[in-house]
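All remarks here apply to the structure that follows.
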Amino acid sequence: MEKWLLISNCNTYGLANSLKLLSNSFSLDCFDVFELMKNMETYKETMPGYDRVIINPAIQFVEYDFTLLENVSRIPGIDFDAYHPDLCYLFADGQRIYGPTAGYHSMLVFAAFEAGYSVEKTQRLFRREIFEHCGFLSRWESERDRLMKVFSFFNLDISAPFRSWSRGESFMYGLGHPKARPIHDVAKVFLESIGMEPNKSDLVPHDTLIDGICLPVYPEIAETFGFRGSRMFKVLGEYRLMSLEEFTQKSFEVYSQWAPGEIAAEYFFADRYNHVKNVIAEADK
Amino acid sequence: MTNPYVGIKDYQLWRRSVARVETHLFDPVENPRYKIDSAMKIATAGSCFAQHISRQMQRIGFHYLIAESGEELTAQERSRRNFGVFSARYGNLYTARQLLQLFEEVFEGRTPLDTAWQRKDGKFVDPFRPLIEPDGYETEEAVREARRSHLASVKSVFLEPDIFVFTLGLTEAWRSKSDGSVFPLAPGVSAGSYDPEKYEFINFNVSDVDKDMTLFLEKLKAVNPRVKVMLTVSPVPLVATYEDRSVLVSTTYSKSVLRVVAEQMLARFDWVDYFPSYEIITGSYAGGLYYEDDYREVNSIGVAHAMRCFVKNYVSRPVEDEIATTMPPLPETPPQSGVICDEREIEMMRP
């Protein structure tokens, strides 16, 4: 039996469980990229001993040349921001800032804080008209096309499962956190792409990412994508939901620890954040 | 070798326009016959699904014609007494015959024999809109007086709109044996009393509905030459059938008749268009997603889908609005990159 190794991001364990359920032709070890970095020297020795090493291409920033390995496959992560276009990362003093939903922040809430809004007034920004002007309702097609392009680059065609993931519900908890079914389907598509016939079973492994932060898809955005949505935020490591009011309050508490102007949106989100800021300024007139 | 299907459009092919499209992006509207702008007056009538259309038209900001506004009442009272549900307080007009006879009553002096039905609580209601006034009326004369005032308002619903939206709902109805008047509800259901000597069940066929719709449209155009009509078929199944068969079989018959007639009107009048909300809600592609748990009521998600298609295809919109609703893209990244979340988050999710 072949020995396989999987190294990925937060998708690692869901992907590993899926691969194991889908085939009896290999044994599989797995760890995430942070584990790899911690014990790089050990893994440098053990990795060549595997018949196949599957990596998430996003982990190639680590100090290891994966081309040294004989049989490396690549499975990208599912990154999709159409459901959560309000999300951004913030930093101050060169460090990422953590709030009530860890590193994920709401651009609307941060822009409202910068504009001096109260918590109550901030809630009122969460409405269709504002979302429309921020462009929050128009992310689907470009994100879908980008996702398909990324997977196609690695010879993985996920277009058919993608359509079923989005039927009547969201398939993401956040920007890079898919639910269990999409991860399972990606594992299946991968096995098929290398000529392996997956086991015929309807079992899907447990959802490993629900323990993390689960961001809501706001109802006005969800309606556009054909489901109901929510304004409740799931906190990290607990089965507890936070209301938008509590989320805003706690975000404000975090932001108020810095002097005005010290916090900024990370480079990746800067243009979007400025756009959101302009929309809020316009709405205030 | 060639065949007539070579070169047909994507929307003519199931795989390209249905099977390979995400459910919420499905859009069956092609070649709309006219566009609607915010200056045009829109009036609505029809079955209960038309109520959703009315609400959405108002929400989107169209110039929605309300001939009976109840402006002297509080918002709560207006809602309780069914003001603004449709352009006038005619209640649900389920059948083409109801629409035709209402027009004839307004413009041609048609006078129904049934003018007031008594409820169990002793109050009187209008047999042609028995649920419109929840408190009912103290006397039969009060019902007649209210109807006279109502008909004066209905007149403007036919004379004033640029767009008249009508949702065809049912083929089954109850009618008076005396003068052929058709009622929205059977006598005895909410008011009146069922007497087989006076009332009879009717299930209209294609020829009946075709005749009623054609007559109505010709008469409407005669009094309002600029009007354009949008027909829809209600996707809401029958709540009950009086035919001795499954209610689902009766639903299929009823909707089929109405859909055929809508098509015939489309072929007959170039100022009539058909908006396929029926297909959007009931289509197999949706797999029942757009119904509530009773498989009958259409949910808000389904209504939203239909209205997205409506706005996208029928509403003239300035280009600047389109630009304002897009979002700056994130910087381009190569496929080899991707999202790595925080270690402490991953920590939490390790087995």
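Here region B:24-65 is the region considered, the condition is being modelled with pLDDT under 90 and either out of contact with any strand residue (DSSP E or B) (no Cβ under 9 Å at 6 or more places or on another chain) or among the basic types (Lys, Arg) (or both), and the residue that is farthest from residue B:312 (Cα to Cα) is B:55. What are the residues in region A:234-272 that are within 14 Å of chain B (Cβ to nearest Cβ) and in contact (Cβ under 8 Å) with a residue 12 or more places away in the chain, if any? Residues satisfying the conditions are A:234, A:235, A:236, A:237, A:265, A:266, A:268, A:269, A:272.
Only one of the numbered conditions (1) away from chain B (no Cβ under 12 Å); (2) part of a loop (DSSP other than H, G, I, E, B) is not met by residue A:81, and that is (1). Being closer than 25 Å to residue B:214 by Cα, crowded, with 19+ Cβ neighbours inside 10 Å and under 23 Å from the mean Cα position of the chain (by Cα) holds for only one residue in B:83, B:158, and it is B:158. Considering only residues that are basic (Lys, Arg) and without any contact (Cβ under 8 Å) to a residue 12 or more places away in the chain, look in region B:10-41 and name the one that is nearest to the other protein chains (Cβ to nearest Cβ). So the residue we want is B:20.
One residue stands out in region A:84-102 among those that are under 30 Å from residue A:223 (Cβ atoms) and assigned to a loop (DSSP other than H, G, I, E, B): the one that is farthest from the other protein chains (Cβ to nearest Cβ), namely A:100. The residues listed here are A:159, A:138; of these, the one that is without any contact (Cβ under 8 Å) to a residue 40 or more places away in the chain and surrounded by fewer than 17 Cβ atoms within 10 Å (Cβ to Cβ) is A:159. Applying the condition of being in a loop (DSSP other than H, G, I, E, B) and over 13 Å from residue B:181 (Cβ atoms) to region B:117-128 and asking which residue is nearest to the chain's Cα centre (by Cα) yields B:119. Exactly one condition in (1) at the interface with chain B (Cβ under 10 Å from one of its Cβ atoms); (2) among the small types (Gly, Ala, Ser); (3) over 27 Å from residue A:16 (Cβ atoms); (4) in contact with a strand residue (DSSP E or B) (Cβ under 9 Å, 6 or more places away or on another chain) is false for residue A:226; which is it? With respect to (1) at the interface with chain B (Cβ under 10 Å from one of its Cβ atoms); (2) among the small types (Gly, Ala, Ser); (3) over 27 Å from residue A:16 (Cβ atoms); (4) in contact with a strand residue (DSSP E or B) (Cβ under 9 Å, 6 or more places away or on another chain), residue A:226 is out only on (4). Per the conditions (1) at the interface with chain B (Cβ under 9 Å from one of its Cβ atoms); (2) at positive phi, the sole criterion not satisfied by residue A:155 is (1).
The values are calculated or read from the model by the stated rules, or taken from the named source; none is laboratory data. Predicted model, so just to flag it, every value in this text is computed and none were measured. Don't worry about glycine lacking a Cβ; one is built from the backbone with ideal geometry, like all the others, and counts go over all protein chains shown.
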